[in-house]
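Everything below concerns the one structure shown next.
The values are calculated or read from the model by the stated rules, or taken from the named source; none is laboratory data. No experiment lies behind these values; they were computed from the predicted model shown. With ideal geometry, Cβ positions are generated from the backbone for all residues, glycine too; neighbour counts draw on all protein chains shown. Heavy atoms of the whole protein, side chains included, go into the accessibility calculation; ligands, DNA and RNA do not. Shrake-Rupley method; radii C 1.70, N 1.55, O 1.52, S 1.80 Å.
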Amino acid sequence: MRNQIHVEQLNELILKANNGDTKAFEVIVRNYNKFGYAVAFRILCNEEDAKDVVQECFIKIWKHLNEYDKKIKFTTWMYKIVVNLCFDKLKSQKRRRNIFKNLDEDSVINVPGGIDLEKELTNKELAAMIKHFASGLSEKQKTVFILRDMEDLSIEEVSEIMNISSGSVKTNLFYARQSIRKKIIKWENQK
């Protein structure tokens, strides 16, 4: 299981939060904050924007928690909110084509939650690789790639999050992987 809360515990926390228990909601936020941040940062490649999206995501979750359908995994519902907020942010800032320009090789990435320096450097390297190899992908291909290959979500979960068919997820994933593979081969041949 990817998160620390079991389904039964989560359902109990959601029920309490729906009844106004802010402490229960704080537990949900603490346990799912890093997941939301990881997706937002990988899409936006900007620490502050990712933090803003995650904060806005949990505000939306708080306001609409009574609408949560327990048949859907909580992370799937949350990722869908995060992805939509990221797309909104990209559109409002008119940064679709320049999404990775805000992150240069000397940037320091501070991931919340007390992560050690080794992990911080790994995240920095990961962000640089994403910047380099995913820069030519369409928004849809990049998001499918991030959710499926980096967040390890199922095809069905990605389909639900992005409101596209499973076939469309597979097609976009195929083209994203193909594009990234070509860039990696070209990069390796230039060494």
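Things worth noting here:
- Estimated FRET transfer efficiency (residue 177, residue 156; beta-carbon r; R0 22 Å; 0.05): 0.75
- Rounded to whole Hz, the Karplus (6.51, -1.76, 1.60) HN-Hα couplings of the range 47-61, x for glycine and proline: 4, 5, 4, 5, 4, 4, 4, 5, 4, 5, 4, 6, 5, 5, 4
- Largest to smallest accessible area among 91, 63, 183 [probe 1.4 Å]: 63, 91, 183
- Across the range 70-86, coupling constants 3J(HN,Hα) worked out from phi with the 6.51/-1.76/1.60 Karplus curve, θ = phi - 60°, read 5, 6, 9, 4, 4, 4, 5, 4, 5, 4, 4, 5, 4, 4, 4, 5, 4 Hz, and Gly and Pro carry x.
- Stretching residue 55 away from residue 186 to a fully extended chain increases their span by 43.3 nm, per 0.36 nm per residue minus the current alpha-carbon distance.
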